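What follows is one structure encoded as structure tokens, with my remarks underneath.
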Amino acid sequence: MADFDPAFDKMIRNEGGFKLTNIAGDRGGQTYAGIARNAHPDWPGWRFVDAGDLTQVELTQSVRDFYRREFWNRIGGDAIVHQTIAETLFDFAVNAGSGTAAKLAQIVVGVVPDGGIGPRTLAALNGCDPELFALKYALAKVSRYAEICNRDRTQSKFLLGWINRTLKELT
């Protein structure tokens, strides 16, 4: 079964590490370790961030717990056999939301895309070739990113970063 720890380590590097950012045009607003305040205003770690105490062990643990609960568990990470599949699905769930990540994965493996990782989706994910899945999933993600930018040109400034993040997973 897939292991959360290496998946988390890769994802947090993609999110820029344990840093506080506020990038103009980013719909998430202020973020810490990739956790967007606009999307997750009740995250317990904000009390450390707001106090300016970014070195707390509790803050680091709060980040890990958040990603496990909000993304890893929602994609069924512990039930996915192939680490490669779990990592790419997890990373995209963090970037685009677990429902979107699940729907794209379901399309790639040929099950009904309902946005939930249930027994049929898990069986399909666990039965496919991980390298082939990663390639097809990367293409689906790039296509989705292009659609976002075609609908809203203000998001185009993020396209290269999204593509680079996707391609990094293939190396």
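Annotations for the structure displayed:
- On the stretch given as the range 89-112, residues that are open to solvent by less than 10 Å² (accessible area, probe 1.4 Å), of a type in the set (Gly, Ala, Ser) and closer than 17 Å to Asp129 by Cβ total 1.
- Condition broken by Phe48, with the remaining ones in (1) under 28 Å from Ala105 (Cβ atoms); (2) open to solvent by 10 Å² or more (accessible area, probe 1.4 Å); (3) in contact with a strand residue (DSSP E or B) (Cβ under 9 Å, 6 or more places away or on another chain); (4) in a helix (DSSP H, G or I) satisfied: (1)
- From the options Ala134, Ala86, Ala105, Ala93, residue that is assigned to a helix (DSSP H, G or I), at pLDDT 95 or above and in contact with a Gly (Cβ under 8 Å, 6 or more places away or on another chain): Ala86
- Residue within the range 115-137 that is touching a Lys or Arg at 6+ places or on another chain (Cβ under 9 Å), closer than 30 Å to Leu20 by Cβ, in contact (Cβ under 8 Å) with a residue 40 or more places away in the chain and surrounded by 14 or more Cβ atoms within 10 Å (Cβ to Cβ) present: no
- Lone qualifier among Asp78, Asp42, Asp65 - being assigned to a loop (DSSP other than H, G, I, E, B) and among the acidic types (Asp, Glu): Asp42
- Residue count for the range 137-166 under the criterion of being among the β-branched types (Val, Ile, Thr) and either within 24 Å of Asn73 (Cα to Cα) or at pLDDT 95 or above (or both): the result is 1.
- Subset of the range 14-36 (residues that are over 17 Å from Phe158 (Cα atoms), surrounded by fewer than 17 Cβ atoms within 10 Å (Cβ to Cβ) and without any contact (Cβ under 8 Å) to a residue 40 or more places away in the chain): Gly17, Lys19, Leu20
The values are calculated or read from the model by the stated rules, or taken from the named source; none is laboratory data. This one's a predicted model, so the numbers in the text were calculated from it and none came from an experiment. Positions of Cβ are backbone-derived with ideal geometry, glycine not excepted, and every protein chain shown enters the neighbour counts. With ligands, DNA and RNA removed, areas are computed over all heavy atoms of the protein, side chains included. Shrake-Rupley method; radii C 1.70, N 1.55, O 1.52, S 1.80 Å.
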